[in-house]
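What follows is a short report on a single structure.
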Amino acid sequence: MKLAEALQERADLNRNIEQLKSRLKASVLVQEGEKTLEDPRELKKELDGCLDRLEYLIKQINLTNAKIVVDGLSMTALIAKRDALILKIAAYKDIVSEAAHMNYRARSTEIKIIAAIDVTAWQKEIDILAKELRLLDNKIQMTNWTYDLIA
């Protein structure tokens, strides 16, 4: 199994676990004398199976990511770099958005609020970081489809 396939299965399992939790919650209470639409014992068994498989996949994905080296960095390091870039870009975008708000004055005697940062320079840096993120993400995705999951 390729690493990318394991990642897809992990995502599917996470969605399935959420659905099973919802179905279980809907099946744990019933009016006296009535039956639930689904058997909570069967749902629990299915949930436990999904959680066991998820645990296995997470462990194997993490072991695989720690052993794969791309451009001198482990996949774990590349993923950490990607995650940090995503947070940095989001933070910068929020800051630029705040600084870019235009403040109009009704009269010349009112206080004028101006940006304390160079919005254009910050936006250019965001564009550079976004390109870096795209290239890094492409490298990670390519690697995910190249390497097999450690079994």
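Listed values, structure above:
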quantity: Single condition I58 does not satisfy, out of (1) assigned to a loop (DSSP other than H, G, I, E, B); (2) surrounded by 11 or more Cβ atoms within 10 Å (Cβ to Cβ); calculated: (1)
quantity: Identity of the residue in segment 87-111, under 18 Å from the mean Cα position of the chain (by Cα) and exposed (fewer than 14 other Cβ atoms within 10 Å of the Cβ), that ends up farthest from M142 (Cα to Cα); calculated: A91
quantity: Selection from segment 34-55 of residues that are aliphatic (A, V, I, L, M) and not in a helix (DSSP H, G or I); calculated: L37
quantity: Within segment 26-54, considering residues that are modelled with pLDDT of 95 or more and basic (K, R), the one nearest to A11 (Cα to Cα); calculated: R53
quantity: Residue in segment 121-131 that is under 25 Å from the mean Cα position of the chain (by Cα) and touching a residue at least 40 places away in the same chain (Cβ under 8 Å) present; calculated: yes
quantity: Verdict on K67 being touching a residue at least 40 places away in the same chain (Cβ under 8 Å) and basic (K, R); calculated: yes
quantity: Test result for L73, closer than 30 Å to M142 by Cα, free of Cβ contacts under 8 Å to residues at least 40 places away in the same chain and assigned by TED's automatic domain parsing to the domain that holds N144; calculated: yes
quantity: Hits in segment 4-33 - residues which are of a type outside the set (D, E, K, R) and not in a helix (DSSP H, G or I); calculated: V28, L29, V30, Q31, G33
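The values are calculated or read from the model by the stated rules, or taken from the named source; none is laboratory data. Small disclaimer: the values here were computed from a predicted structure and weren't measured. Note: ideal-geometry Cβ built from the backbone for every residue, glycine included; neighbour counts use all protein chains shown.
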